[in-house]
Amino acid sequence: MLAGCSTLTPPDEQPTGELLAGRMSVQVAATETEPAHSLTAAFELSGTPQQGRLDMNTPLGSTVARARWSPEAVVLDTPQGQTRHANLDELTRAVVGEALPVPALFDWLRGRPWPGAQSTAALPSEPAGFNQLGWQVDLSRFAESRLMARRTAPPAVIVQVKLDAP
């Protein structure tokens, strides 16, 4: 989906809330029925878990996917067209092949657990961070603006983020 030279129309009005930007890599392990796959893109996440936008861009800066959500709709715009989804889990499953905890990402990318679900501190044998929603969030390189979240439940998923400097 991220390959290609097409661009989308200019961005809509920016949702209110802080803008988080950087590079993201998502790796999904193979299952009995699906091969392993990955996605790497520059991203801009803005808004809130209730209303926001996630733009994914090619290395040259062309926007190739834009996810927008609000209480009224969850929409994905790509050069191939627009699709509507029931929720953010369904949308991320369509983009990367697995549901990603987008509401929690707003807090995880700030180095803290999401207040919408219980979390536990990482065990002494684990990298610094916390566990939440079935994900181990590794903050051991957060001072370098890097974060890794790992879900081991099949299929295993690894999300790696390098945030741009503010």
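Points worth noting:
- Single residue of L105, L45 found to be aliphatic (A, V, I, L, M), modelled with pLDDT of 90 or more and more than 19 Å from T152 (Cβ to Cβ): L45
- Qualifying residue in the stretch 157-166 (condition: out of contact with any Pro (no Cβ under 9 Å at 6 or more places or on another chain), more than 20 Å from A29 (Cα to Cα) and free of Cβ contacts under 8 Å to residues at least 12 places away in the same chain): yes
- Residue count for the stretch 28-42, restricted to those that are closer than 14 Å to V95 by Cβ and either in contact (Cβ under 8 Å) with a residue 40 or more places away in the chain or assigned to a loop (DSSP other than H, G, I, E, B) (or both): 3.
- Residue check, E126 surrounded by fewer than 19 Cβ atoms within 10 Å (Cβ to Cβ) and farther than 19 Å from D164 by Cβ: yes
- A single member of A128, A94, A143 is under 19 Å from A29 (Cβ atoms) and of a type outside the set (F, W, Y), and it is A94.
- Taking the stretch 128-166 as the range and being charged (D, E, K, R) and assigned to a strand (DSSP E or B) as the test, the residues that pass are D138, R146, R150, R151, K162.
- Looking across the stretch 102-117, the residues that are of a type outside the set (G, A, S) and touching a helix residue (DSSP H, G or I) at 6+ places or on another chain (Cβ under 8 Å) come down to V102, P103, P113, W114, P115.
- Flag for W69 being aromatic (F, W, Y) and under 12 Å from the mean Cα position of the chain (by Cα): no
- Pair list, Cβ < 9 Å and 6+ apart or interchain, from the stretch 56-72 residues that are closer than 14 Å to M24 by Cα to residues that are among the aromatic types (F, W, Y) and at pLDDT 85 or above: M56/F43; N57/F43
- Pairs with Cβ under 8 Å, 6+ apart, first in the stretch 111-133 and without any contact (Cβ under 8 Å) to a residue 24 or more places away in the chain, second of a type in the set (S, T, Y) and surrounded by 14 or more Cβ atoms within 10 Å (Cβ to Cβ): P127/S140; A128/S140; G129/S140; F130/S119; N131/S119
- Filtered residue count, the stretch 52-70, keeping only those that are surrounded by fewer than 19 Cβ atoms within 10 Å (Cβ to Cβ) and modelled with pLDDT of 95 or more: 1
- From the list V137, V75, V157, the lone residue that is under 15 Å from L39 (Cα atoms), hydrophobic (A, V, I, L, M, F, W, C) and surrounded by 14 or more Cβ atoms within 10 Å (Cβ to Cβ) is V157.
The values are calculated or read from the model by the stated rules, or taken from the named source; none is laboratory data. In this text, all values refer to a predicted model and were calculated from it rather than measured experimentally. Using ideal geometry, Cβ is built from the backbone for each residue, glycine included, and neighbour counts are taken over all protein chains shown.
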